[in-house]
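In what follows, a single structure is set out as structure tokens and then discussed.
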Amino acid sequence: MYSKEQASQFKQAFWTAFGQYMQPVLSADGLRTNWVNYKTGVKHINFKMQADNKLATIAIEMNHPDKELQQLFFEQFATYKTMLRSSLAEDWDWQLHTTDNYGKTISRIVKETGPVSIYQQGDWPKLISFFKPRIVALDEFWNNAKAAFEF
């Protein structure tokens with residue numbers, strides 16, 4: 001078991017390594033992108049990558065505090081489901097009004113993998129292989145769909 005400080009150091013080391021690995025990868029617009037802290041440019045819609053000692057997830061999260069507006073975002077994504085599926089080349093799990101790690105109600109479209117641990121450097125290639133194609137595919141999708149989510 002790792003102390004909080006050690007766990008934090010492992011996570012920071014992984015995300016730094018992932019960021020460096022992704023640095024030469026340009027966005028769908030041909031621009032440099034901070035892949036680790038991807039900015040969608042639309043408030044309350046985030047692309048999140050997370051990893052712990054059991055699994056890794058990548059998700060489109062809708063976290064608007066108004067549940068009805070959150071559901072509207074979710075339904076709007078559903079209208080783009082075919083385009084999203086085409087970009088990702090796989091099915092993801094659609095979760096309307098679930099709870100995040102902090103007890104906050106969110107909706108999300110998520111893919112997970114496991115068992116894998118961010119605390120095991122031997123698993124880092126698996127994590128990178130999981131995250132890289134999916135965040136790049138999300139960027140491609142978002143490049144085509146973002147305008148529909150801006151109000």
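FYI, it's all coordinate maths here, none of it is from the lab. Just so we're clear, the structure is a prediction, and the values are computed from it rather than from any experiment. Cβ sites come from the backbone with ideal geometry, for glycine too, and all protein chains shown count toward neighbours.
Numbers below:
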| item | result |
| --- | --- |
| Residue match in the stretch 20-37 (condition: within 27 Å of T98 (Cα to Cα) and in contact with a Lys or Arg (Cβ under 9 Å, 6 or more places away or on another chain)) | yes |
| Selection from the stretch 111-129 of residues that are in a strand (DSSP E or B), in contact with a Phe, Trp or Tyr (Cβ under 6 Å, 6 or more places away or on another chain) and not hydroxyl-bearing (S, T, Y) | K111 |
| Filtered residues of the stretch 79-97 (kept if under 16 Å from N144 (Cβ atoms) and either small (G, A, S) or part of a strand (DSSP E or B) (or both)) | S86, S87, A89 |
| Residue among I106, I128, I60 that is touching a helix residue (DSSP H, G or I) at 6+ places or on another chain (Cβ under 8 Å) and surrounded by fewer than 18 Cβ atoms within 10 Å (Cβ to Cβ) | I128 |
| Residue among K67, K48, K111 that alone is farther than 14 Å from A137 by Cα and basic (K, R) | K67 |
| Filter result (touching a residue at least 12 places away in the same chain (Cβ under 8 Å) and not hydrophobic (A, V, I, L, M, F, W, C)) within the stretch 66-78 | K67, Q70, Q71, Q76 |
| Given (1) closer than 23 Å to W92 by Cα; (2) touching a residue at least 12 places away in the same chain (Cβ under 8 Å); (3) surrounded by fewer than 15 Cβ atoms within 10 Å (Cβ to Cβ), number of the condition N37 does not satisfy | (2) |
| Residue within the stretch 54-65 that is within 22 Å of L31 (Cβ to Cβ) and either touching a His at 6+ places or on another chain (Cβ under 8 Å) or not small (G, A, S) (or both) present | yes |
| Residues being outside any strand (DSSP E or B), surrounded by 13 or more Cβ atoms within 10 Å (Cβ to Cβ) and in contact with an Asp or Glu (Cβ under 8 Å, 6 or more places away or on another chain) - total across the stretch 40-57 | 2 |
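Results for (1) within 17 Å of the chain's Cα centre (by Cα); (2) under 22 Å from L127 (Cα atoms), shown as yes or no for each residue.
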| position | (1), (2) |
| --- | --- |
| E5 | no, yes |
| P24 | no, yes |
| S27 | yes, yes |
| V36 | yes, yes |
| V42 | yes, no |
| Q50 | yes, yes |
| M62 | yes, no |
| F77 | yes, no |
